[in-house]
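Trainee: One structure coming up, written as structure tokens, with questions to follow.
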Amino acid sequence: MNSDSPFDDFTSATHVTLETIELTTDDGITISADVETPSSPRAVAALLHPHPLYGGRRDHPLLLSIAHALHHKRITTARSDFRLASGNTIEEVPDAIACCHELQRRHCELPLVIAGYSFGSIVAARIASVVGARHLIMIAPPLSTVTLEIPTTPTTLIIAEHDQFSPPATIADDAIVREVGMSVVAGADHFLNGHIGTVTELTVVAATTALGE
């Protein structure tokens, strides 16, 4: 899968250490994760991928783009797999929690940001308060297909103008949207082709603003 990300020339932050590790969830499932640590990190971020039964994976181009950009801001990132379960965003909750706990184990004193794309954004919303996240970023969340409580964690919503599953007009009355508002990516559909750079920038701005930059 090709990415249109401006970070795909691999102008990565210097001195970033990549580790591919195995995590064991509280219910005994083993998942893989890529943890990337820049020099002198000041925060950590868990990046959650789209639906695992429809091609979602931890090396999705959007997640790679966001990770590379966050490294320049001295933010450690972890991109973990989801188990190949039913894909209902509930069974996968322990997977995301394990990813966050690994980041917190490594950097217990640093604030945590969670960013999820599509399916991953729903999982992220379900765990943000559980893991004590500083900020939650939901990218193209399929809010019209699920029922979520309003997150108690400060939240940024990034919505595609022409999202096939949850276009802005469809979710305008959603309680979460009414509470936190939404940033609409003009011209984008749910798959964000041609708009990865824009979404990356919005995500990084939301994360760094939450961290006080």
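Bear in mind that the values in this text are calculations on the coordinates, not laboratory data. For clarity, every value in this text was computed on a predicted model and none was experimentally measured. FYI the Cβ positions are ideal-geometry reconstructions off the backbone, even for glycines, and counts take in every protein chain you see.
Trainee: Please compute the modelled spin-label separation between residue 201 and residue 162, points set 7 Å along Cα→Cβ, answer in nm with one decimal.
Mentor: 2.0
Trainee: Considering only the other residues whose Cβ falls under 10 Å of the Cβ of residue 27, what net charge follows from Lys and Arg at +1 and Asp and Glu at -1?
Mentor: Net of charged neighbours comes to -2.
Trainee: Ok, one more. What ³J(HN,Hα) values, in whole Hz, does the Karplus curve 6.51 cos²θ - 1.76 cosθ + 1.60 give for the stretch 118-127 when θ = phi - 60°, with x put for Gly and Pro?
Mentor: For the stretch 118-127, the Karplus curve yields 6, 3, x, 6, 6, 4, 4, 5, 6, 10 Hz.
Trainee: While we're here: Measure out, as a whole number of angstrom, how far apart the alpha-carbon centroids of the stretch 70-95 and the stretch 96-154 sit.
Mentor: 9
Trainee: Take every DSSP beta bridge whose two residues both sit in the chain, then give the antiparallel share in percent to the nearest 5. Could the numbers behind the result be given before it?
Mentor: Working: 12 of 35 bridges.
Restricted to the chain, the bridges split so that about 35 percent are antiparallel.
Trainee: Taking springs between alpha-carbon atoms closer than 10 angstrom, which of 136, 202, 18 fluctuates most in the Gaussian network model of the chain?
Mentor: Fluctuation is largest for 18.
Trainee: Turning to a different aspect of this structure: About its Cα centre, how strong a charge dipole does the stretch 83-193 have in debye, to the nearest 20, once Lys and Arg get +1 and Asp and Glu get -1 at the Cβ? Present the calculation step by step, with values, prior to reporting the outcome.
Mentor: Details: 6 positive and 12 negative charges, 70 e Å.
About 340 debye.
Trainee: While we're here: Once you've got the GNM for the chain with C-alpha springs shorter than 10 Å, pick whichever of 113, 130, 44 has the biggest mean-square fluctuation.
Mentor: Of 113, 130, 44, the most mobile in the Gaussian network model is 130.
Trainee: Over the stretch 26-91, what is the percentage of antiparallel beta bridges among all DSSP beta bridges, to the nearest 5?
Mentor: Details: 4 of 10 bridges.
DSSP beta bridges in the stretch 26-91 are roughly 40 percent antiparallel.
Trainee: Which residues in the stretch 58-99 place their backbone N less than 16 Å from a point set 7 Å from the Cα of residue 146 along the Cα-to-Cβ direction?
Mentor: Residues 80-99 fall inside that zone.
Trainee: Next question. Would you pull out the residues with amide H under 5 Å of residue 45's amide H, same chain only if 5 or more places away, H placed 1.01 Å from N?
Mentor: 76, 77, 78, 113
Trainee: Let me ask another. Report the GluC sites (Glu not before Pro) located in the stretch 72-128 that are in a DSSP loop and have at most 16 other Cβ atoms inside 10 Å of their Cβ, or state none. Could you put the intermediate results ahead of the total?
Mentor: On the way: sites: 91, 92, 102, 109; in loops: 91, 92, 109.
Sites meeting the loop and neighbour criteria: 91, 109.
Trainee: Kindly state, to the nearest 0.05, the FRET efficiency for residue 19 paired with residue 72, given R0 = 25 Å and r defined as their beta-carbon distance.
Mentor: Numbers: r = 19 Å, r/R0 = 0.76.
According to the calculation, E is roughly 0.85.
Trainee: OK, next. Given contacts defined as C-alpha pairs under 8 Å and at least six residues apart, what's the relative contact order of the stretch 90-173, whole-number percent? Could the numbers behind the result be given before it?
Mentor: Values: 126 pairs, mean separation 19.8, N = 84.
Here the relative contact order equals 24 percent.
Trainee: Be a star and scan the stretch 107-131 for residues whose amide nitrogen sits under 17 Å from the point 7 Å along the Cα-to-Cβ vector of residue 209.
Mentor: 113-116
Trainee: Next question, about the same structure. With each label point set 7 Å from Cα along the Cα-Cβ vector, what nm distance links residue 170 and residue 91?
Mentor: Result: 2.4 nm between the two label points.
Trainee: Moving on. Charges only on Cβ, +1 for Lys and Arg, -1 for Asp and Glu: so what's the dipole of the stretch 17-210 about the Cα centre, in debye to the nearest 20? Please report the intermediate quantities before stating the final value.
Mentor: Values: 12 positive and 21 negative charges, 104 e Å.
The dipole magnitude comes to about 500 debye.
Trainee: Please identify, among 175, 140, 78, the residue showing maximal mean-square fluctuation in a Gaussian network model of the chain using a 10 angstrom Cα cutoff.
Mentor: With Cα springs under 10 Å in the chain, the top fluctuation among 175, 140, 78 is at 175.
Trainee: I would also like to ask the following. Over the Cα atoms of the chain, what radius of gyration and what Dmax do you get, in Å?
Mentor: So, for the chain, Rg and Dmax equal 15.6, 45 Å respectively.
Trainee: Are there chymotrypsin sites (Phe, Trp or Tyr not before Pro) in the stretch 74-154 that DSSP puts in a loop and that have at most 15 other Cβ atoms within 10 Å, and which ones? Don't jump to the answer; show the numbers that get you there.
Mentor: On the way: sites: 82, 117, 119; in loops: 82.
Those that pass, being in a loop and sparsely packed, number zero.
Trainee: Among 209, 63, 89, which residue has its Cα furthest toward the positive end of the charge dipole of the chain, with +1 on Lys/Arg Cβ and -1 on Asp/Glu Cβ?
Mentor: 209
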